[in-house]
């Protein structure tokens, strides 16, 4: 019942739809708050409250949500300022930063400060620029260079600025399968080379971000990769729906569909399209690819069972016994890749091989 009410309130908040909000009934507000928090959607759902009657949701039931929204607004304002400062710094260093996802998507929402903020992701169109930015970041966060995650990670370098996490991307996104990865990197380079710089306004500053056709492809890849690894949240699908609503006329549909076919993303994209149209209320005409219900219910089940980014599915990673954790990881990734092979056959196979190989090496190192 609360999943149904969540979708009704999301439709109301995303598209300013009063009728959708008026349709909710028998709400357990405590349970719904937990569900919205788990999916990083508290601020967005709270935007629908202006359409609810006092009988549907009284003042006391709203207070917890509104207190969360106040904190969220403050966090977003701080993050927006940091984005501006980082880009000013990188431009002064003569680098080529491009903001990915996150704060770049917030402006598509009716109330941008109510979108749950996460990390700041910055890509550099020139690989050597990222290396220069990382050298600077190592001075800002002196512990980052020694982080085991940064030593292992080939896609990005993570560091902290105060309480905020920043990722500097060598790769905008990647695949484990060599053929898909090579094709993807060629697509990224060609799209940036053939597209005019694309900007969004954040905190009064013009910030360069990903051009529309490539941005939609990137979002689908980001969602598909997280689905394969552990799971994804509804927030990322809301981001995509609002992006398509705003920029649908700037997307090269033919090129996008060619890219998705080349990269074996058609099944995932079709399922996301069905969810966005039938559960989130996106106009079907603004969808640049087909909507297919075949795997849609399966993906929704993954979202609600796993929580945002599948956090509930990877609780074993908190296991203090490192060897036990690695063994669990081997079996975990076998099941994940087998589960997602119908949607992403080549990538699931390569992902499994790479993950198992890594974990077996780590187990051997730990044991001996």
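The values are calculated or read from the model by the stated rules, or taken from the named source; none is laboratory data. Fair warning: this is a prediction, and the values are worked out from it, not measured in the lab. As a convention, Cβ positions derive from the backbone with ideal geometry for all residues, glycine included, and neighbour counts pool all protein chains shown.
Could you check how many residues of region 86-95 are in a helix (DSSP H, G or I), in contact with a helix residue (DSSP H, G or I) (Cβ under 8 Å, 6 or more places away or on another chain) and surrounded by 19 or more Cβ atoms within 10 Å (Cβ to Cβ)? Residues meeting the conditions: 1. Of the residues in region 126-147, none is within 27 Å of residue 14 (Cβ to Cβ), in contact with a strand residue (DSSP E or B) (Cβ under 8 Å, 6 or more places away or on another chain) and not assigned by TED's automatic domain parsing to the domain that holds residue 354. Restricting 26, 60 to residues that are surrounded by fewer than 19 Cβ atoms within 10 Å (Cβ to Cβ) and assigned to a loop (DSSP other than H, G, I, E, B) narrows the list to 26.
One residue stands out among those in region 36-54 that are free of Cβ contacts under 8 Å to residues at least 60 places away in the same chain and part of a helix (DSSP H, G or I): the one that is surrounded by the fewest Cβ atoms within 10 Å (Cβ to Cβ), which is 50.
For (1) closer than 24 Å to residue 205 by Cα; (2) in contact with a helix residue (DSSP H, G or I) (Cβ under 7 Å, 6 or more places away or on another chain), each residue gets a yes or a no:
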| position | (1), (2) |
| --- | --- |
| 35 | no, yes |
| 47 | no, yes |
| 53 | no, no |
| 75 | yes, no |
| 84 | yes, no |
| 97 | yes, yes |
| 109 | yes, yes |
| 115 | yes, yes |
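Taking region 101-195 as the region of interest, the strands (runs of 3 or more DSSP E) fully inside it that hold 2 or more residues being under 30 Å from residue 251 (Cβ atoms) are 120-124, 164-169.
In the set 137, 144, 133, only one residue is at pLDDT below 95 and more than 21 Å from the chain's Cα centre (by Cα); that residue is 144.
Residues in region 163-181 that are exposed (fewer than 15 other Cβ atoms within 10 Å of the Cβ), more than 19 Å from the chain's Cα centre (by Cα) and either assigned by TED's automatic domain parsing to the domain that holds residue 223 or in contact (Cβ under 8 Å) with a residue 40 or more places away in the chain (or both): 178, 179.
Selection within region 203-253: residues that are in a loop (DSSP other than H, G, I, E, B) and closer than 25 Å to residue 190 by Cα. The member of this set that is farthest from the chain's Cα centre (by Cα) is 252. Does region 2-11 contain at least one residue that is surrounded by fewer than 18 Cβ atoms within 10 Å (Cβ to Cβ), within 21 Å of the chain's Cα centre (by Cα) and without any contact (Cβ under 8 Å) to a residue 60 or more places away in the chain? No. Quick one: in region 303-320, of everything that is assigned to a helix (DSSP H, G or I) and surrounded by 19 or more Cβ atoms within 10 Å (Cβ to Cβ), which residue is modelled with the highest pLDDT? The qualifying residue modelled with the highest pLDDT is 303.
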